[in-house]
Amino acid sequence: MKIALASDHGGFSLKKQIMAFLEEQSITYKDFGTDSEASVDYPDFALAAAEAVAAGECDLGIICCGTGIGVSMVANKVPGIRAALCHDTFSARMSREHNDANILTMGERVIGPGLALEVVQAFLTGKYAGGRHARRVAKIREVENKYCGPK
Ligand code: RB5
């Protein structure tokens, strides 16, 4: 499993902690920036990570900003991406099980690092349940196709 990571300055510190957490578990990741707390524009970094997931270069993504909102909005514009903004473990697990989410977004100014790493763990270990959810996820894809064309 390879994880696409990205953040803006507002999520940089949380991303570093997620990196350490993944390293402890020998989970491979690719960091799409930013690489400091200098002010940047979150769409640039969210887009790069989301494109890597959409292209299959990475299996899942985790993207952080101050709130998790901006990066979620950007990632969800990329065809094939289902980004979930989660600040609790239940939502993170359900985003995988029911929605087949492929990107987790979080806000460093919203959540503490202890819970954030538990959210990451819930997201990474959640398994897509398929079944009735597959019909609904297919309908998400239909909406995407209607406005963006088939991927
Ligand atoms: C940056 O100040 C902040 O706007 C950004 O990190 C994010 O919260 C946007 O959604």
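In region 30-151, if the dipole is taken from +1 on Lys/Arg beta carbons and -1 on Asp/Glu beta carbons about the Cα centre, which of Gly130, Ala52, Tyr147 is farthest to the positive end? The one lying farthest along the dipole's positive direction is Gly130. Residues considered: Val137, Val78, Val53. Largest GNM mean-square fluctuation over the chain, using C-alpha springs under 10 Å, is found at Val137. Summarising the amide proton neighbourhood of Lys30: residues at separation of 5 or more, or on other chains, whose placed amide H is nearer than 5 Å comprise Ile3, Ala4, Leu5. For region 94-151, the gyration tensor built on C-alpha atoms gives an oblate shape. Its axis ratio a/c (a ≥ b ≥ c) is at least 1.5, and a/b is not larger than b/c.
Evaluate the relative contact order of the chain (contact order divided by residue number), counting alpha-carbon pairs under 8 angstrom at least 6 apart; express in whole percent. Relative CO of the chain lands at 23 percent.
Note on Arg82, Arg141: ascending count of other Cβ atoms within 10 Å places them as Arg141, Arg82, the fewest first. Rounded, prolate or oblate, given the Cα gyration tensor of region 15-55, with a/c below 1.5 counting as rounded? Because a/c hits 1.5 or more and a/b fails to exceed b/c, region 15-55 counts as oblate. Under Stokes-Einstein, with the Kirkwood radius over Cα pairs as Rh, the value for region 44-113 at 10 °C and 1.306 mPa s is 135 µm²/s. Diagonalising the gyration tensor over the Cα atoms of the chain and scaling each eigenvalue by 5 before taking the square root yields semi-axes of 23, 18, 13 Å, largest first.
Among the listed pairs Lys2/Lys127; Lys16/Lys139; Lys15/Lys146; Lys77/Lys139; Lys15/Lys139; Lys30/Lys146, those whose Cα-Cα separation exceeds 24 Å are Lys16/Lys139; Lys15/Lys146; Lys15/Lys139; Lys30/Lys146. The slack between Arg135 and Asp35, meaning 0.36 nm per residue of separation minus the straight C-alpha distance, is 32.0 nm.
Since every read-out is calculated from the coordinates, none of them should be taken as a lab result. Values in this document were obtained by computation on a predicted structure and should not be read as measured data. Here the Cβ is made from the backbone with ideal geometry for all residues, glycine too, and neighbour counts use every protein chain on show.
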